[in-house]
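Data block below; observations after.
Every read-out reported here was derived from the displayed coordinates using simple, explicitly stated rules and does not represent laboratory data. Values in this document were obtained by computation on a predicted structure and should not be read as measured data. Heads up, the Cβs are rebuilt from the backbone with ideal geometry, glycines too, and the neighbour counts pull from every protein chain shown.
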Amino acid sequence: MDSIENRVIGYWTKRTDDFFGVRENELNDGISGLWVKEFLNHIPNDKNLKILDVGTGVGYFAILLGKKGYSVTGIDLTPSMINKAKFLAKKENVNVKYSVMDAQKLSFPNESFDAVVSRNLTWTLPNAEAAYKEWFRVLKKGGVLLNFDANYGRSVDKNAADTDKNRPYGHNGITKELEEENSYITKAMKINYKDRPNWDLNVLNKIGFKQCLADTGVGKRILMERDIKESPLFKITARKGVC
């Protein structure tokens, strides 16, 4: 594994406990209902559908979708995140399958899932285009991709200088050392120098996705005041065309 990927795993391993607290709080927050509403705008309310949550972290999206009755699989590159995801799913009494796996090299067969969802993952990937190709591969024809992310390269230097009080939502408990590591990882990823989400849309179209759209207002609708001003959350939607 490349050194940068090892650093990503190391960073998120150290962040796991604090990150777990953030997502656990979200499960008991009104924000969860807003996320579910966003999902149901794109994913049919059919309990037979299979959904892949890529970069699941501690399993937040997977648990929300599992509670709606979908068959959900969550994957993450960081083993400690998957361990926490399993713990949280059990605590919430939700049946979700979790595995340690690289989002850029999925081990699933072609056309395994009806939907692929992801949150705040693509900015951490050394080869986001390869990941998009894999997500296209495992989607069934007519399947939908929902990717929530932000252009975090715009705010990384500012965030490193912020006080604890002003740090971005989700950075609870982060130390100066971890803030510096976050800055290094962000700057090391080529995707964070792209014009996003336009870059993503161009890549998705090239891969073969259809109906590729970007929604730059999703952060205001869901995160509200928690959204990062310099790097607002955006939503990318795309479908695998039916031949």
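Secondary structure note: in the chain, about 35% of the DSSP beta bridges are antiparallel.
Quick one, which of (i) 12.9; (ii) 11.9; (iii) 17.7 is the actual mean projected area of the Cα convex hull in nm² calculated for this model? Recomputing mean projected area of the Cα convex hull in nm² here picks out (ii). For LYS90, the aspartates and glutamates whose Cα comes closer than 13 Å to its Cα, not counting residues fewer than 8 places off in the same chain, are GLU24. Kindly state, to the nearest 0.05, the FRET efficiency for PHE87 paired with LYS190, given R0 = 30 Å and r defined as their beta-carbon distance. Computed FRET efficiency for PHE87 and LYS190 comes out at 0.30. For the chain, which span is the longest to avoid every loop-located (per DSSP) member of trypsin sites (Lys or Arg not before Pro) having at most 14 other Cβ atoms inside 10 Å? That would be 106-228.
Placing dummy labels 7 Å off each Cα toward the beta-carbon, the span from ASN120 to ARG7 is 2.0 nm.
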